[in-house]
Structures are given as C-alpha cells and as structure tokens.
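Notes follow once the structure below has been shown.
The values are calculated or read from the model by the stated rules, or taken from the named source; none is laboratory data. No experiment lies behind these values; they were computed from the predicted model shown. Quick reminder, even Gly has a Cβ in these numbers, built from the backbone with ideal geometry, and neighbours come from all protein chains shown. Ligands, DNA and RNA are stripped out before the accessible areas are found, and what is left, the full protein with its side chains, is counted by its heavy atoms. Shrake-Rupley method; radii C 1.70, N 1.55, O 1.52, S 1.80 Å.
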Amino acid sequence: MEIVNTGKNAMDMLNDLLNDLNRDDITLVERLPYVREYERYRDVVTSILKEFHIALVLVRLTFNDNSRKGYVFLIRGESGELGKIPTSGVVEGYVVSIKGTDRKKFLYKPAAFNRPEDVAARIMEFANMYRKAEERISQLQLLREAERSDAFFYEEAGD
C-alpha cells in the first residue's frame, strides 16, 4: 500500500469527504457508528463525544467503477466537562483509497479545535451531506430499476 502525505489537515479531509458525497457516480455510502432507524447520526456521534470525549467516525464510499474510499476520523477532546462537547481537542484522520489493485493511504495532519460549536457544526454539516447522498443514491437506484423495467417491457412487447 502506498502512503501519501497530503499536507492538508483533518478539516480539509472533511471537505474532501463532502466533495465525494456530492459525486454523481457514488453508489453506496456506509458509516460507523451505526444508527437505529429512529436515531439521527449527528446525535449519536455527539452523544459519544459528550460521554467519552472521544469519537471514531468511519465512512466508506463506493463508486460506479467499484473503487472505494474509506474515511477515518478520530475526534479527541482535551478539555471541558464530561457530559458536554469538549471545549478543545484534536481531529485526526486519513483516507484509504482502493481502485482495483491500487491501494493508497492518504495522511492528513491533525487539526485542533478550541470551540465546541466548531465540532458540532462540522458534525451537522457531515450528517446533512450524508443524508442527501443517501437520498440521491436511492433516487438513482429507482431510476435504474425503472429503466430496466421499461427495457424488459419493450423486449416482451416486441416478441
């Protein structure tokens, strides 16, 4: 596996993730921690961060060409009251990219945060983009299924 130092920080990595979530060729998005259907992802991550002052977020994206990207974020609180979002801390992370037999790990520099509002806002931004990506993927799958159904209908009608 090739290791690439991007020179960018973990907050830039979140921007890269948001760009990937907006790609038209995305076919699958998965994330950890898992959430139950009645939970909101941002609430789960925020709750873990409040309780433990640390949270690991994993996101896997799959694209039309079967390439995959895995985003790894570790949010570590360094100060603040337990039960609340840390008042300061560090976000670390890297991206694993797999295209056929080509595997790369893209390293990002840790990014410090000094306001809990900054972390909460970025979690909300990610959660909203993730939800939109899921909706877009569902719509694309429905369109593909409809196209297949129409093709089948016309094949049968031609017989």
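Set the bar at 23 Å for Cα to Cα. Now go through LYS99/LYS132; LYS69/LYS132; LYS69/LYS109; LYS8/LYS104; LYS50/LYS104 and name every pair that lies beyond it. Flagged as over cut-off: LYS99/LYS132; LYS50/LYS104. With Kirkwood radius over Cα pairs in Å defined as stated, name the option among (i) 18.3; (ii) 15.7; (iii) 17.3 computed from the structure displayed. For Kirkwood radius over Cα pairs in Å, the calculated option is (iii). Once C-alpha pairs closer than 8 Å and six or more residues apart are averaged by separation and normalised to the residue number of the stretch 2-134, the relative contact order reads 29 percent. The simple spin-label model puts a point 7 Å past each Cα toward its Cβ; for VAL90 and LEU56 those points are separated by 1.7 nm. Of ARG136, ARG68, ARG36, which has the largest mean-square fluctuation in a 10 Å C-alpha GNM of the chain? Highest fluctuation of the listed residues: ARG36. Relative to the longest principal axis of the chain, what angle (0 to 90°, nearest 10) does the C-alpha long axis of helix 41-52 take? Compared with the principal axis, the helix lies near 30 degrees. DSSP bridge analysis restricted to the chain gives an antiparallel fraction near 90%, rounded to the nearest 5. Gaussian network model of the chain, Cα springs within a sub-10 Å range: biggest mean-square fluctuation belongs to which of GLY70, GLY89, GLY100? Comparing GLY70, GLY89, GLY100 in the GNM, the peak value goes to GLY100. Residues in the chain average 62 Å² of solvent-accessible surface per residue, probe 1.4 Å, ligands and nucleic acids excluded. Taking only protein heavy atoms and a 1.4 Å probe, the accessible area of the chain is 51% carbon and sulfur. Straightening the chain between ALA121 and LEU32 buys 30.2 nm, computed as 0.36 nm per residue apart minus the Cα-Cα spacing. Output the 0 to 90 degree angle, nearest 10, between the alpha-carbon long axis of helix 116-158 and the longest principal axis computed from the alpha carbons of the chain. Here the helix axis deviates by roughly 10 degrees. For the chain, a Gaussian network of Cα nodes joined below 10 Å ranks GLU39, GLU117, GLU81 by mean-square fluctuation, and the top entry is GLU39.
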